[in-house]
1. Output yes when any residue across the stretch 759-781 is at pLDDT 95 or above, part of a loop (DSSP other than H, G, I, E, B) and acidic (Asp, Glu), and no when none is.
2. With the checklist (1) out of contact with any Cys (no Cβ under 9 Å at 6 or more places or on another chain); (2) over 22 Å from residue 912 (Cα atoms); (3) at pLDDT 95 or above in hand, flag the one item residue 990 doesn't pass.
3. Among the candidates 531, 546, 499, 551, which residue alone is in contact with a strand residue (DSSP E or B) (Cβ under 8 Å, 6 or more places away or on another chain), outside the structural domain of residue 590 (by TED's automatic domain parsing) and of a type in the set (Lys, Arg)?
4. Taking residue 307 and the conditions (1) crowded, with 18+ Cβ neighbours inside 10 Å; (2) on the phi < 0 side of the Ramachandran plot; (3) assigned by TED's automatic domain parsing to the domain that holds residue 187, which numbered condition does it fall short on, given that it satisfies the others?
5. Residue by residue through the stretch 670-684, note down the ones that are of a type outside the set (Lys, Arg) and either part of a loop (DSSP other than H, G, I, E, B) or in contact with a strand residue (DSSP E or B) (Cβ under 8 Å, 6 or more places away or on another chain) (or both).
6. Please state which one of 859, 868 is within 12 Å of residue 901 (Cβ to Cβ), of a type in the set (A, V, I, L, M, F, W, C) and touching a strand residue (DSSP E or B) at 6+ places or on another chain (Cβ under 6 Å).
7. Which count do you get for residues in the stretch 960-1005 that are of a type outside the set (A, V, I, L, M, F, W, C) and touching a Lys or Arg at 6+ places or on another chain (Cβ under 6 Å)?
8. Test residue 744 against the stated conditions and say whether it is touching a residue at least 60 places away in the same chain (Cβ under 8 Å) and assigned to a helix (DSSP H, G or I).
Amino acid sequence: MRRKPLRRKPLRGLAAAAITVALPLTLVSPPAHAAGGVRPVGLEAFHLNEAFGIDDTTPPLTWQLRGGRNVTQAAYQIQAATSEHALRRGRPDLWDSGRVESAFPQADYAGKKIGSRTRVHWRVRVWTGARPSGWSSPSWFETGLTSQDDWQGRWITQDDWQIKDKRPAPIVVELPDTTARYVRLNVTELGLPLEETLDGDTYRLALAELEVRDSGDPDTNLAQGRTVTASDTGGDVNRKWQTRHLTDGTTTTNQEKAGWRSSAHGGADLTGEPLTLTVDLREAKAFDRVVLWPRTDLPGEGGKAPHTPAGFTVGASDAADGPFTVREEVADLEPPEAIVPEAMPIFAKDFGLPRGVRQARLYIAGLGVYEASLNGRRIGDAELEPANTDFADRVQYATYDVTRMLRSGGNTLGVELGNGIANVISTPDRYRKFADTFSDPKMMAQLEVTLRDGSVRRIVSDGSWKTVLGPVTFSNWYGGEDHDARRERPGWDRPGASRAGWEDAVPVAAPGPLAGRMSEPVRVIDELKGREVGSGDGYRVFDVGRNIAGRPEITIDAPAGTSVRILPAESLDDDGRANQSISNVGAPIWDEYTTRSSRPETWHPRFVYHGFRYLEVRGLPDGASIRVNGQVLHADNDSAGSFRSSNGLINDIHGLVRRAVEGNMMSVFTDCPSREKLGWLEQDHLVGPTLAANYDVQAHLRKVVQDMADAQTETGLIPSTVPDYTVLAGSYRDDSNWGGAFVHVPWQLYREYGDVETMRTYYPQMKRYAAHIEGRVENGLTDYTLGDWFSPDRTFPKLASGTFGWWSLNNTLAEIAGTLGKPDEAAAFRAKADLSAKALSDALYDPETGTFGGGGHGAEAIALDMGAVPDDQRQRLLDHLVSSIEEKGWNLVLGEISLPSALRVLPDDVLYKIATQTDSPSYGYQVVNGNTALGETWDGGSGQSQNHFMLGAIDAWFTGHLAGIRQADGSAGYRKLLIAPSVVGDLTGATATRQTPYGEARSSWTREHGRVTLRVTVPAGSTAEVRVPGRAEPVTVGSGNHTFHGTA
C-alpha cells in the first residue's frame, strides 16, 4: 500500500502587543489607527486553503492583519497579475483596485475577466492609518474548466456495468393449458450458491418475483397481489425477503422490498425435503406459463444469477392442501446471466509524451467513488471523491497538478471505481439505508499537458480507453467492500502493462453538469492503533480507542487465498463481540479481504467508510497474524477554536461533541457515519454555532446551501435530507425545522463570517420555500411536524414545534431582508412572526397555572424563545421551567428542536447545573458510561447511533458563555466582539479560542479566593466589549492582549 503523511494544520495565530488594564476603568480609549508594523497575512481565495480548479471567476479574497495594537483596517488595495514575477515588479496586468475604503478583510476579485485554466496571482496591502502597510506575500487561485464546453472527453464505463436500465432474464416455464386456483413450485435441486460465510458455499432459493400468466392474455399477471405460502420462512433479513414481495409486481431485488428467499442449505439436493412456494389465485384461473425472476443484486460464479432453482416441478390444484398435479418438470436448469458483474471496473489509458513538459493539469470526476493514479502513483490525497451532490444537477470534479508525475515517453493514467452513494445496489444480505441506482459506475477525465513550445496535448476519456473488471468484488456505500487480491493486476497502471483481456471502454451519457470543488475534501486525518481486547473460536476483536468515522486498515500474514471479514461496531455486546443492529450502526456490515500471497499484505477499503470503535476480525486461520488500525476520515476543514475549563466533566462533554462533529463532517454533514450517512438538515442550523466554534465551515456550509438549492422542488419544498437521495414520506420529508436550514444557514454564514453573498444569491428561493410552508399554516399555526425529535417527553404538543419552525423562518427572513436593504419585506416577515407567536400563546399558554403546552421543558423553552407568552407572564413561565428542571434533578427532558431554545433562555447558572449532571438523561451520563463521541439519544446507549451531533448545541454555550467569546448585537463576522464570561457554580477557570475573519480571539479567566483574572486577545481589525465579572460597566478595547481583574 502506498502511504502518505498525515496533514495536521495548526490554528492561525495572532501576534499582538500586550496591555494590562487595572480596574476600575469605565472605558478604554477608542482604538487608534496604527501606522506601522501591520501586515496582511493568511491570504485565501474562495475560502479554501488552496483554491485550485475552482469555477468561480470572481472569487472572494480574504486576509487577516498581524502586528500592532488597537489596529483597525480603514482601506485596502489589491493587485492581481498573470504571474508572480509581474506582481513583484509592480505590474498588475489583471487588476489594481486602488485604495478601497473598507474595514472588512475581504473583497471579490474584480479585475479583468478571466475564464478557464487561469492562475491569478494577487497581493494586498492595507491602511490602518495615514500610511499603507507593506504588501503581503503573493498568493494565487486557479480556475478549472468553468464551461461545460471546455470538456472534450466523454463519460465512459465498462460495458457490463450498464445495469441501471438492464432488465433481468427470467426463467419461463411453459405449461400445458391448466385451470386451477393453486399453483405450486416444488424445488428439489438448488442452483448456484453464494459464499455468504467464510465457512463455504451457501445454497438457497431466492426469487424477486413469481408470475402466473396465460398466453391468451399475456399482459396480465394472475399472481400479482396474491398470497404466497412458503414451506420455509427462515431466510428473511431486515424484512427485505418476504413472501408478499414475490407478487408485488417488481421483477428485481435491487429495490427496497427484494423478494423471497429460503433458509440456508449446505448442498443443492433437496429431494428428501423439497422447498415449496404455493400461490393462491383466489379462484380457478386458466394459465399456461409460470415466470420466475431471479435475484439481481449479486452475481454468482461465472457471472450467473445465484440461488435460482435447478430442478423443480410446477403443480396445480383446486385445494390448498392438494393433491397437486404436476404440469411440468424441469431438471438441470442453467441459471440466467446475472445483471451485476463480478467485480468493479478499472480503466487505463496508455499515451506517450515528448520531452519538455511545462505544465500538466488533470481534471477528473467519477461516479460513485473513484481513485486515480498516474504511472503507478496515486494522484492526490483526497478520499471518497467526488463530494455527495444531487448528481443530476452537478457532479464535482477535482483538479490536480500532475506536472512532476509525467515523463517523456510512455505514461499510463489509471482509474478505479466503486459504487458510492450513486449506486446503492440493494443487497439484502448486507445492510443499506436505501436502495437506488442513480448512476452506473462511470468516469470522466481530461489531462491537459502544456509543452515548452506552448502547444497543448489533451488526453481525454473516450472509447479508446481500456477497461477490465478489477479486484473489488463488492462495493456498497453502507454494507461494506470486498477485495480479492488474487484478482489484482500488478503494474496495470504503469507504462508497458499488458492489456490482454481488456476491452474498450463504452462512452455513455453524462449524469449532470460538472462543477468544480467548493469545499475542502475528505482526507485521512489520523491513524489509530488497534488493541486486541477479545478473541474466541474464529474471531478476534480490536479497539481503536475511540468512536470514529473512517475505515479499518489491516496488515495480514496468512496463507494465500485466506479470506478475513472485518465487522465495524461502535460497541460490544455482552459476549464481547461486535454489536451491530439496524438501529445503531446498521446490520450486517462487513469488509472482506482475500490475500494474494503468503507474504504480509496491507489493505484498507477505498470506496466506503464506517462508524466504529471496535473491529471484529473473522476467518483468520491458526498461525496467521494480523495488525488492525483505524484510519480517521473527515473533511479537512481547519480547526477554528478550542475550549478547556477547570471542570473535567465539561471538558469531556466538549470532547464528545467535537468528535461527533468530526465523525459527521464528510462532504455533507451527516447525522451518523454508519446507519444513515444522509444530510439531515436540522443539525446544520440547530447546531450551527457549535460547528463554527470548532471548525472553519464557511466553504463547507456554502456547499450545503448550494445542495439545498439544487434539491428544491417545483413547489418550493426543501427536503429534510439533502442531497435528496431517498424520498421520505410526510413530515419526515417536509418539516420546516429541517428544510428551514435553507434560510437559517445563510443567515448564520452572515453572522459568523460576514457572508452577504450567500443570502443575496438564494433569497428568492428562500421566499419560495416560505411560501410552500405557508400553504399549510392557518392563522399563524401549524402542527405539521415531526415534533421535538427524540424527546423523552411524550406530552410535547406538535403545534409548538410546527409553529416554531414557521415562526423561525419568518424571524430569520425578516433579518435577512433587512440586511439586504428590503425594509418592506422585512416588516412583512416580522408581522407573520409576531402573528404566530401571539397565536401560539393564545393556544397553549395557561394563565391559571403559568404553564405552556402542558408544562414540558421543550414546549416552555420554545415559548420563551419565540415570545409565545404574554410579556407580563414571561418571568412566571421562566420560573416554572427552571423549577420543573430542578424537579427532574437538573436534567433536561426535551428533544433537539427545543434544545437550542433552552440554551438561549435559561440562565447560565441553571445551564451549568444541567451540564454537570451524570444521571440519565444528561451529557455527563454519556461521559461516565464510556462514550467517546456524542450519542443520538440522551443516554447515548448502544441501541442507537453513538456518533451523532444533533444534541451538540451546548458546546457553543461552553465557548460563548463559560469562556465568554461572543459577538456583539448587530455585529457580523466578529467585527465587534463581546467578551462576557460566566463565572458560575464551582468553575474556577475557562479558556477558549475562536478563529474569526479577523484572526484569533481568545478569552481566558481564572478565579481564586474570590478574585477573577481575565485575559483577552482581540484580533487586529476587531474591537471588543469586555464585561468583567464583578464590574458594573463594560470596557471597550481594541486589538491586542489585555488583562482585567474583577471579583466573583
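1. no
2. Single failed check for residue 990: (2).
3. When all the criteria are applied, what remains is 499.
4. Going through (1) crowded, with 18+ Cβ neighbours inside 10 Å; (2) on the phi < 0 side of the Ramachandran plot; (3) assigned by TED's automatic domain parsing to the domain that holds residue 187 one by one, residue 307 breaks only (2).
5. Listed by number, the residues that qualify are 670, 671, 672, 673, 674, 676, 678, 679, 680, 681, 683, 684.
6. One residue alone meets the criteria, 859.
7. So in the stretch 960-1005, the residues of a type outside the set (A, V, I, L, M, F, W, C) come out as 960-961, 964, 966-967, 969-971, 973-976, 981-982, 985-986, 988-989, 991, 993-1000, 1002-1004.
Next, from what is left, pick out any that are touching a Lys or Arg at 6+ places or on another chain (Cβ under 6 Å): 960, 988, 991, 993, 1004.
Number of matching residues: 5.
8. Yes: the conditions hold for residue 744.
The values are calculated or read from the model by the stated rules, or taken from the named source; none is laboratory data. The model shown is predicted, which means the values in this text are computed figures rather than measured ones. Cβ sites come from the backbone with ideal geometry, for glycine too, and all protein chains shown count toward neighbours.
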